[in-house]
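Reviewing the structure listed below.
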Amino acid sequence: MGALTARFGAGLTGFFVLLVGFWLAGLVLAPNLMMIDFALRPNLLPADVGGPLDVYSLDNLAYLANEPVHRDIFLKTVWASALVMLATFVVCYPLAYWLAQTASPSAASLVMLALIIPFWINEVLRTLAWYILFAFRGPLNALLLNLGILDEPMRWYGDGGVLVGMVYAYILFMLFPIYNSIESLEKAQVEAARDLGASTWRIHTRIVIPHAKAGIATGCVFTFMLAAGSYVAPALLGAPGSRWFTQIIYNWFFEGGDWNRGAAYALVLLVLCLAVVLLTLRLFRVSLTDVAK
Amino acid sequence: MTSAVTLPPPATPAPTPLSARAVAAIPEILFWIYVLAFFVYLFAPLVVMSAAAFNTSRFPTVTPWLGTTTDWFAQMADDAAMWRALWTSALVALGVVAIAVPVGTAAALVLTSLHARARSVLYALMVSPLLTPGVVIGIATLVLWRQIGVGGGLLLIVLAQASFISAYVMLMVAARLQRFDRTLEEAALGLGATKLMVFRRVLLPFLKPALLAAALLATLQSVENYNTTLFVRGFETPLTVYIATKVRTGLTPAVNALALVMIAITIAGALAWEIARRLEARRGAATAGS
Amino acid sequence: MSHSVALERITMAFGATKAVDDVSFTVEPGEFFSILGPSGCGKTTILRMVAGFLAPSMGRVLIGDRDMGGLGPNQRPTAMIFQSLALFPLMPVWENIAFGLEARGVPKAERRRRAEELLELIALPGYGDRKIAELSGGQKQRVAIARALAVEPQVLLLDEPLSALDLKLRQHMRAELRAIQKRTGVTFLYITHDQSEALAMSDRVAVMSAGVLQQVAAPRTLYEDPATPFVARFVGETNAIAGRVAHVADGIAALDTAHGRLSARAGAGVEQGCPATLYVRPEALGIAAADAPSALGARVERLDFEGAFGLLHAVAADGAPVLAALPSTALGAAPAPGEDVRFAFAPRDAVALGTAPGEA
C-alpha cells in the first residue's frame, strides 16, 4: 500500500484500490460465497426462509451422491473431460513442436494466422458448424456413403460427436501454451540430444516435454476446465444418452426450480476444477504465475 | 589404457539404396498427412457452414446441393429478432468494456507495485475467474443478486462477464507494464510533475496500445460468451443465445448467413490485428537497432 | 545565499548496511561538482537523496540554504539527467523539453517558444517535432540536458549521463557539458565512476569509497595531494611502496623501505616510527643516474609505446610491480626487457601517507 501511494499519490491509489476491491469482493468473492451459502441450505417456500427449517446441511451434496443418474453423469463428465484433455494434447503436440522448432519463420507465421482465425470465431458458431456437418442427412454421412465407407448413414450425435466438437473448440487453448513454451527451447539442445544418439521418442520425453511442462500444464488445466464446464457442445452435439453435468445444473435452475440444489452441483463442479488445477500444478511442479500468461 | 569402451567401427559411406530412402521418408510423410488432417479438421466445418448459407435447402447443409441462392442473407437481414439480439450483445459489450478495462488496468497497476508475497496471493485471486467454469460464474452471480432482488438481465450479464474478462485485461496490461521503464516516472517527477500528471502523461500513453487491445479482446469475449450469459440472461437474448436457440426452434440457412458475416468480420479483424502487431514488432525492431 | 547544496551528516542505511555513512559537503553556486567513486560507493544514493527520490536515514539536505526534508522530487529546485536519459519515447522532442513547464502550468505557446530557445542552445534547431527514436545518441543526450535546463533548476543533477556513449562522443560531450554549464551558470552535481571525466570537467571533486567521503578537492589537488590511501590509488596510476617513517623534517618524510631509504612529502598520519606508504606517479619516475643515492630498483618486463609516452612495466625484487611513464624523447636510453633498471624521483613529487592498522 505504501508503495502504491508513493507511486500514484493518495487520490489515484484510492481509485485503483476501489476498482480492484469492487472486482474481487463484489464480482468474484461475494458471488462464490453466496453460492456456497445457497448450496448448503434447503430449497424452501418463501414463507419458510429464515424459519426453523432454514438450517445449513449437506443434503444437497448428499442428493448428488445418492442419485445414481446424476452421479453417473458427473463421473462421466469428469473422465470424458480428461479424455478431451488428452485427445487435445495428442492432436496439438506435434504441430506445436513443428511450429516452434522446425518450421521456417514464414511458414510458421502463415500457419499461426490460419490457426488464429477459427480461434476468433465464437464457440457457439464453431459447434454449430459440427452440428451441420454431423446431421443424419448431412455432409459427413453423404461423403462416407459416396466413398463406400458406410453402407447406411450413422448417428454422429452423442458421445463421439461431443468429444470431436470439444477437442475442436479447445484446440488452441492447448496449442498456444505448448507452442510458447517449446519456442523458448534452444534448438541446439535437440540437436545435441540427437547428436548423442537419442531416439526421437527420447528427445521428446527427456528434453522437449520437461522444458515445455509449464505450457503443457497450462493447456491441460484450461482444456479440462473448459470441457467440464462446457454447455454448448453437449447441448448441440449430444444425444439423450450423453448428457453432461452442466445440463443437469441448468435443469435445476430453469426447469427443476431448485436453485439450492443447482448451486450445490455448481459448487461440486467448481471444486472439481480447482482440484484439477492444483493437482496438475503439483504434478508438473509449476506455479500459478507460470500458468496464466 | 584398459578402458572397456569399444566404439563400433565407422560406417563405410555407401550410396543409400532407394528403398532405404523411402523407409526414412515415412515419418516425414506421416507427419504431413497429420498436418493435412489437422487443417481439414480445422477448416472443413467452417467451410461447410459457410457454403450452406448459399444452398436453397431449408435445412442448412451442402448435401444435396439444391441450387445456389443469396436469399438467406436477405432473410437474415429482415429478421428483427436477430437485430435485437445484436443490439443486446452490443450493449453488454459496451458495459463490459467500461468496467473490465479500468478494473483490469487498476489491478495490473496494483499488482506490479506490490511486494512479492502480497503479490502472489492477490494474483491467485485475480486469475481465479479464468480457472472457474463459465457456468459457475453465471450461477454465482445469479444467486448473489437474487438475494437483493435483482434478477437476470443486462446488468447481471455485464457484471458476470466483467468478473472474468477483467482478468484477461489485467494480464494484458501487466504484460505491457513489465516493459515499462520506471525511471521515466522519476524523470517526470524530477521535472516537477504531480503524480497525477505522471500517470496521465507518461504511464497512460505507454499503456494505450495494451488498453486498446484489451478493449478489443473484451468486446470479442463478451460478444462470443455463452456459458456465463446463459444463466444470468433473464429475458434478454444476446446473439450467441439467439443462435443456440435457433437450433431448437428451427434452424434455417439464415443462421449460416449470419455465421458467414460474423466469420468474415472476425477474419478481417484477425488480419488487421496481425498486421498491426507485425508492424508494431517491425517498428520496435527498427528503433531498437538505431 | 551562501551554498547551492549542503549535505549535513547524511547517513543512508538499507537494513544493516550503510550505503552512505556520515557524509557532509557543500557545493557552491555555479560550481561543477563531481562525486567520483567505484560502483556501489554510495554516490548514486547521494544523488537520489538530493533529488528527493530517497529520504536520508539521518542528516539533512539543504538547497539554497533551505531544508529539503519532506519535499518530494517534484517540489525541489533540482532537475536530474538520468543514466538512461529517460526521455519520454511517446512525446516529440519539444514536448519532452517543455514537460517541466507543462507541469508548472505554462501555456502551450510559451512552452513551445521556450523549447525552441533551448533547441537553439543545444544546437538542434528545428528538431522540435522529431520523435525521440529518430535521434542519435548524442542528440538524445542534448535533449535530455535541454529538458532539465528548461525548468531553470538551481541545481542540475547528472547520473553518469555519458556512460552509454562511445569514447569519441563522450569526449565531445564532456566539452559541451562544460560549455553549457559555464554559459548557464547552473550548479552541476555530477556523479561518475570515470576519473578522467571527473578530473577533466569539474571545479571540485568529492571522492567516495564504501559510503565514506574520502576527500573533497580541486582535480589537481586530488591528483597531486591525495588525502587518503584510497584516493592515492583510485585517482590516476600510482606506485605504492610500503615502509616505516624514519624521521620527518621540513614536511619531508624519510621512509625505510625494501628499496632502502626514500623521501617524500609527509601527508596525513605520517609520524616518526609509524608504518607508512609512499605513493609516486609513473610520470614522476625517471631513469636514475648511476651514482644516485637512493633509487627504486626493478627488472624491466616490457615497454608499451603509447605515442607521447612509453610505459615501462617493471617488477621490484619483492615482486611489487613498478610502472614508469617516460617521455618518448627519453626512450632511447630506456633499458630493454630483462635488464635491471633504477628509477629516481624528486621527493616533492611523491607523497607518504600513514598506513592505518589493517591496511596494506
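Using Cα centres only, tell me the gap between the stretch B:150-201 and the stretch A:149-221 in whole Å. The distance from the Cα centre of the stretch B:150-201 to that of the stretch A:149-221 comes to 35 Å. Note on B:41-54: average number of Cβ atoms from other chains within 10 Å of each residue's Cβ is 5. Per-residue shielding of B:109-116, expressed as the average number of other chain Cβ atoms within 10 Å of the residue Cβ, stands at 5.
One quarter of the convex hull surface, Cα atoms only: what value does that give for the stretch A:143-293 in nm²?
That works out to 13.3 nm², a quarter of the Cα hull's surface.
Relative to its Kirkwood radius, the Cα radius of gyration of the stretch A:1-120 gives an Rg/Rh of 1.21. Inverting the pair-averaged 1/r between distinct Cα atoms of the stretch C:83-230 gives 16.6 Å as its Kirkwood hydrodynamic radius. Each Lys and Arg contributes +1 and each Asp and Glu -1, all at the Cβ; summed about the Cα centre of chain B, the dipole is approximately 640 debye. Treating each Cα of the stretch B:222-271 as one equal point scatterer and applying the Debye formula with no solvent, the log10 of I(q)/I(0) at q = 0.18 Å⁻¹ comes out as -0.65.
Annotation: aspartates and glutamates with alpha-carbon distance below 12 angstrom to A:LYS76 (same-chain offsets under eight excluded): A:ASP159.
Among C:ALA19, C:ALA334, C:ALA150, the residue with the largest mean-square fluctuation in a Gaussian network model of chain C, with springs joining Cα atoms closer than 10 Å, is C:ALA334. Over chain C, Cα pairs under 8 Å with separation of 6+ residues give a relative contact order of 15 percent.
Accessible surface area normalised per residue over chain B is 49 Å², counting heavy atoms of protein chains with a 1.4 Å rolling probe.
Using only C-alpha atoms and all pairs of different ones, pull out the Kirkwood radius for the stretch C:22-82 in Å with one decimal.
12.5 Å
The stretch B:48-195 has equivalent-ellipsoid semi-axes of 44, 22, 16 Å, by the square roots of 5 times the alpha carbon gyration tensor eigenvalues, sorted largest first.
The Rg/Rh ratio for the stretch B:70-155, using Cα coordinates for both the radius of gyration and the Kirkwood hydrodynamic radius, is 1.15.
Sorting the segments C:34-45, B:210-221 by their mean number of nearby beta carbons within 10 angstrom, highest to lowest, gives C:34-45, B:210-221.
From most to least packed by mean Cβ count within 10 Å, the peptides C:263-271, C:109-117 give C:263-271, C:109-117. Note on the stretch C:260-360: Cα-Cα pairs beyond 17 Å make up 54% of the total pair count.
Count the net charge of all other residues whose Cβ sits under 14 Å from the Cβ of C:ALA103, scoring Lys and Arg as +1 and Asp and Glu as -1.
So the surrounding residues net to +3.
The mean number of partner chain beta-carbon atoms within 10 angstrom of a residue's beta-carbon across peptide B:166-175 is 2.
So for the stretch C:39-141, Kirkwood radius off the Cα pairs, Stokes-Einstein at 4 °C and 1.567 mPa s: how many µm² s⁻¹?
Values: Rh = 15.7 Å.
In µm²/s, the coefficient is 83.
Summary of packing: across the peptides A:178-184, A:107-113, the per-residue average of other C-beta atoms within 10 Å ranks them, highest first, as A:178-184, A:107-113. Bridgeable lysines around C:LYS18 (alpha carbons under 19 Å apart, same-chain partners fewer than 8 residues away excluded): C:LYS43. Shape summary of the protein assembly as shown, radius of gyration then Dmax from alpha carbon positions: 38.3, 121 Å. With just the Cα atoms defining each centre, how far is the stretch C:91-118 from the stretch B:44-80? Give it in Å. Centre-to-centre (Cα) distance: 61 Å. Stokes-Einstein, applied to the Kirkwood radius of chain A over Cα pairs at a viscosity of 0.692 mPa s and 37 °C, places its translational diffusion at 146 µm² s⁻¹.
Relative to the Cα centre, the charge distribution of the stretch C:74-156, modelled as +1 at Lys and Arg Cβ and -1 at Asp and Glu Cβ, gives a dipole magnitude of about 140 debye. For the stretch A:44-116 versus the stretch A:227-293, the spacing of their alpha-carbon centroids is 5 Å. Oblate is the label for chain B. Its Cα gyration tensor axes, ordered a ≥ b ≥ c, give a/c of at least 1.5 and b/c at or above a/b. Using the Cβ-Cβ distance between C:ALA289 and C:ALA175 with R0 = 45 Å, the FRET efficiency computed as 1/(1 + (r/R0)^6) comes to roughly 0.60. An ellipsoid equivalent to chain C, defined through the eigenvalues of its Cα gyration tensor, has semi-axes of 46, 25, 15 Å when rounded to whole angstrom and sorted largest first.
Ignoring aspartates and glutamates fewer than eight residues from B:LYS195 along the same chain, the ones with Cα atoms less than 14 angstrom from its Cα are B:GLU185, B:GLU186, C:GLU102. Along the charge dipole of the protein assembly as shown, pointing to its positive end and built from +1/-1 on Cβ of Lys, Arg, Asp and Glu, which listed residue (B:ALA53, A:VAL78, C:TYR127) has its Cα farthest out? Of the candidates, B:ALA53 comes out farthest on the positive side.
The values are calculated or read from the model by the stated rules, or taken from the named source; none is laboratory data. Quantities reported herein were computed from a predicted structural model and do not represent experimental measurements. Reconstructed Cβ throughout: ideal geometry from the backbone, glycine too, with neighbour counts over all protein chains shown. These accessible areas exclude ligands, DNA and RNA; they are computed on the full protein's heavy atoms, side chains included. Shrake-Rupley method; radii C 1.70, N 1.55, O 1.52, S 1.80 Å.
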